[in-house]
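The values are calculated or read from the model by the stated rules, or taken from the named source; none is laboratory data. All figures in this text were calculated on a predicted structure; none of them were measured in a lab. Here Cβ is always computed from backbone atoms with ideal geometry, including for glycine, and neighbour counts include all displayed protein chains.
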Amino acid sequence: MENRSSFTINNLEKYFRQYRRSVRAPRKFWSEIAQNYEWMSPWEKVLEYDMNDANFSWFIGGKLNITQNALDRHISIRPDKTAILFEPNDPNEKAQAISYTELLSRVNQLANVLKKEGIQKGDRVCIYLPMIPELAISVLACARIGAIHSVVFAGFSSSAVAARIQDATCKMVITSDGGYRGNKTINLKGIIDEALISCPTIEKVLVFRRTNEPVNMVPGRDLEAAQLLEQASNHCEPTIMDAEDPLFILYTSGSTGKPKGMVHTTGGYMVYTGFTFKNVFQYQEEDIFWCTADIGWITGHSYLLYGALLNGATTVMFEGIPSYPDFGRFWEIIDKHQITHLYTAPTAIRSLAKESLSWVEKHDLSSLKVLGSVGEPINEEAWHWYDDHIGHKSCPIVDTWWQTETGGILISPLPFVTPTKPTYATLPLPGVQPALVDDKGNEIEGNRKSGNLCITFPWPSIARTIWGDHQRYKDTYFKAYPGKYFTGDGALRDEVGYYRITGRVDDIVIVSGHNLGTAPIEDAINEHPSVAESALVGFPHDVKGNALYGFIILKDEAVQTDYEQLKKEINQHVSDHIGPIAKLDKIQFVSGLPKTRSGKIMRRILRKIAEGDFSNFGDISTLLNPEIVEEIVKGVQ
Ligand code: WT7
């Protein structure tokens, strides 16, 4: 970014000034920010919106291609600068530095292959790859030609991938033979083969090689990426996109039903992720930025990839896991690559804080300047451990609150600008207008208050819809509190107006930073032949933040009486249907569930039991079967 004065907010007074401007005159504010990018033709109108119908258009009529801004624009300024620094799973394998020039060339080659194989603007391409450079290149190649990418995290099971491919009616899958994670090798192509049995819209499967293990190649459908790339030109004109053309679909869990394909569009997403990357990390030209999230999640899309490249940054892509080959891996990588910015999740911090400090102390972390946290509330202990032992009290921690739906960070300190406060995401970024609302929908004014967190005005990267189901988009986010976007989170506002996110107020549980809807997991459990009914709740867990607790009613005719075996089977079932991340930590077989007269499970009671708090269940007189509560408690004790 060219550091025009409005773009970089580097002191607190400027933050407040820009914030006030962004609220008073949002159109003027955002059009100034948007001018820092290259547009093929300018927009005619900055914003049109309707919070009740959930319609948002930003930079209307503007034409652009996001890859021109993320790649081509840097070639004249920083052609040889490393764009992607790839650190393999195996520390003995050489790291790879891919320059902006090389990245553009590889993106163009792949874009030409996609075109040759019939992919056109607007077609959906599913990307199911491990954290290797080809993943980033595939995403950018889609964007180059206007194909809508739908990245599915490579830890999802074949039925979860199939459901996502079907929902978006994808035409192509890009995958690899396999992938490495710690000491495991995962057969990704095998998972795709199984998924594709039920995906008739897929015409071609493009296969990259990573593990070089033999895979089944279906003639006419499956293509060797390397062969096609060899013949492809490295020149490809960026397709002209309308600001509101979809850039990607990314699935997130719903509290009910199937996953929601959140749709993000081109112009607003580019403007917002570029702007927030620059400010939330105060990125400087020589910095090395490491976001540990997988590109399969929104954090990887917005900050590992797009936000970083839009700013001409060097962004690190790590294939492995924090515990392989040992618990010093993160710290070794920081030392090795002289990383200045570490952006990771509280669950990773907690899991590493549990291990001996000697893993940290072996490595020189003095290159670090800024630490980031994302994905779930960070508890006080983890915050201080991060601050003391990783930042040595001289690296500000940016606790960034946002969602797949928001496209970019909405509430966060700016490092060296906003005084931080442990466990607080602090202040809204410019253009973001938060509100706390009570259960009746009344806005809660003033400080030292808590409530349901809503946003009252659109920002450029707000999701535009749920793929194929605008009604569900409206119902999920805009119905509870008319005129406002409801986040699903609870928050409190302290005496100076800082926000602290207290957690989900709906049936979504965040386990190790992964957003899991309880209903789809219950559906999977209920498909087990011995299960009659189930109810899942989250409970606090030292490392994962939350873990899942399942209360399960078995069928009368369930023949299986080896309960431990049954628990294993149920978890295997969950793993097959959703993925290993959704496995239950605790299972309790019960004879009934606390239900209201209208048949609704009273989850509030189950949450208390799961937390181990059996004291105060509040009013249970509206229950149809109050006696069941005592029975379940006895079962735990
Ligand atoms: C949910 C969104 C957006 C990045 C990855 C997660 C929780 C996210 C924080 C934070 C407290 C946080 C919220 C939110 N969350 N960041 N800094 N403090 N909670 O994206 O999978 O769409 O999950 O993650 O509950 O609603 P996601």
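List of remarks:
- Whenever a residue of the stretch 378-399 is under 25 Å from G503 (Cα atoms) and at pLDDT 95 or above, its partners that are in a loop (DSSP other than H, G, I, E, B) and among the charged types (D, E, K, R), lying with C-beta atoms within less than 8 angstrom and at least six residues away or across chains, give the pairs D387/K393.
- Residue within the stretch 153-161 that is out of contact with any helix residue (DSSP H, G or I) (no Cβ under 8 Å at 6 or more places or on another chain), in a helix (DSSP H, G or I) and closer than 19 Å to D576 by Cα present: no
- Conditions (1) closer than 14 Å to E87 by Cα; (2) within 16 Å of the ligand (Cβ to nearest atom); (3) not in a helix (DSSP H, G or I); number of the one not met by L304: (3)
- Listing of helices (runs of 4 or more DSSP H) fully contained in the stretch 310-411 that carry 3 or more residues being more than 16 Å from the ligand (Cβ to nearest atom) and surrounded by fewer than 23 Cβ atoms within 10 Å (Cβ to Cβ): 329-337, 358-361
- Members of the stretch 160-175 found to be without any contact (Cβ under 8 Å) to a residue 40 or more places away in the chain and under 20 Å from the mean Cα position of the chain (by Cα), listed by number: V161, A162, I165
- Residues satisfying the stated conditions in the stretch 9-55, i.e. over 24 Å from V496 (Cα atoms) and among the polar types (S, T, N, Q): S31, Q35, N36, S41, N52, N55
- Filter result for T266 (outside the structural domain of Y128 (by TED's automatic domain parsing) and within 16 Å of the ligand (Cβ to nearest atom)): no
- For the stretch 471-526, a residue qualifies if it is out of contact with any strand residue (DSSP E or B) (no Cβ under 8 Å at 6 or more places or on another chain) and not in a loop (DSSP other than H, G, I, E, B), and the qualifying residues are Q471, K474, D475, H514, A519, P520, D523, A524.
- Residues that are in contact (Cβ under 8 Å) with a residue 60 or more places away in the chain and either over 20 Å from N89 (Cα atoms) or surrounded by fewer than 19 Cβ atoms within 10 Å (Cβ to Cβ) (or both) within the stretch 203-216 comprise E203, K204, L206, listed in sequence order.
- Members of the stretch 217-238 found to be out of contact with any strand residue (DSSP E or B) (no Cβ under 8 Å at 6 or more places or on another chain), surrounded by fewer than 18 Cβ atoms within 10 Å (Cβ to Cβ) and assigned to a loop (DSSP other than H, G, I, E, B), listed by number: P219, G220, Q231, S233, N234, H235, E237
- Summed over the stretch 525-549, the residues that are more than 30 Å from W383 (Cα to Cα) and buried (at least 19 other Cβ atoms within 10 Å of the Cβ) give a count of 5.
- Hits in the stretch 419-440 - residues which are touching a strand residue (DSSP E or B) at 6+ places or on another chain (Cβ under 9 Å) and over 17 Å from Q18 (Cβ atoms): P419, T420, K421, P422, T423, Y424, A425, A435, L436, V437, D438, D439
- Summed over the stretch 423-439, residues that are within 12 Å of the ligand (Cβ to nearest atom) and not β-branched (V, I, T) total 2.
- Qualifying residue in the stretch 18-36 (condition: more than 27 Å from I411 (Cα to Cα), surrounded by fewer than 18 Cβ atoms within 10 Å (Cβ to Cβ) and modelled with pLDDT of 95 or more): no
- Residue list for the stretch 190-216, restricted to those being closer than 20 Å to V113 by Cα and either of a type in the set (D, E) or assigned to a loop (DSSP other than H, G, I, E, B) (or both): T201, I202, E203, R209, R210
- For the stretch 527-543, the set of residues classified as outside any strand (DSSP E or B) and either of a type in the set (A, V, I, L, M) or within 16 Å of the ligand (Cβ to nearest atom) (or both) consists of V543 only.
- Check on G618, touching a residue at least 24 places away in the same chain (Cβ under 8 Å) and not hydroxyl-bearing (S, T, Y): no
- Scan the stretch 497-509 for residues that are near the ligand (Cβ under 8 Å from one of its atoms) and in contact with a helix residue (DSSP H, G or I) (Cβ under 9 Å, 6 or more places away or on another chain) and the total you get is 1.
- Residues of the stretch 605-619 that are closer than 23 Å to V509 by Cβ and assigned to a loop (DSSP other than H, G, I, E, B): G612, D613, F614, S615, N616, F617, G618.
- All positions within the stretch 513-536 that are of a type in the set (D, E, K, R) and closer than 11 Å to L548 by Cβ: E522
- Residues in the stretch 517-532 that are among the acidic types (D, E), modelled with pLDDT under 90 and over 13 Å from E569 (Cβ atoms): D523 alone.
- Any hit, the stretch 472-480, residues being without any contact (Cβ under 8 Å) to a residue 12 or more places away in the chain and on the phi < 0 side of the Ramachandran plot: yes
- Selection count where residues are surrounded by fewer than 21 Cβ atoms within 10 Å (Cβ to Cβ) and near the ligand (Cβ under 9 Å from one of its atoms), scope the stretch 466-488: 1
- Meets criteria (more than 26 Å from A547 (Cβ to Cβ) and hydroxyl-bearing (S, T, Y)) for Y481: yes
- Residue check, D90 out of contact with any strand residue (DSSP E or B) (no Cβ under 6 Å at 6 or more places or on another chain), acidic (D, E) and more than 16 Å from M317 (Cα to Cα): no
- Condition met for L247 (assigned to a strand (DSSP E or B), among the aliphatic types (A, V, I, L, M) and within 30 Å of S159 (Cβ to Cβ)): yes
- The residues of the stretch 412-452 that are assigned to a strand (DSSP E or B) and buried (at least 18 other Cβ atoms within 10 Å of the Cβ), listed by number, are T426, P428, P434, A435, L436, V437, G451, N452.
- Any chance K45 is farther than 14 Å from W459 by Cα, basic (K, R) and in contact (Cβ under 8 Å) with a residue 40 or more places away in the chain: no
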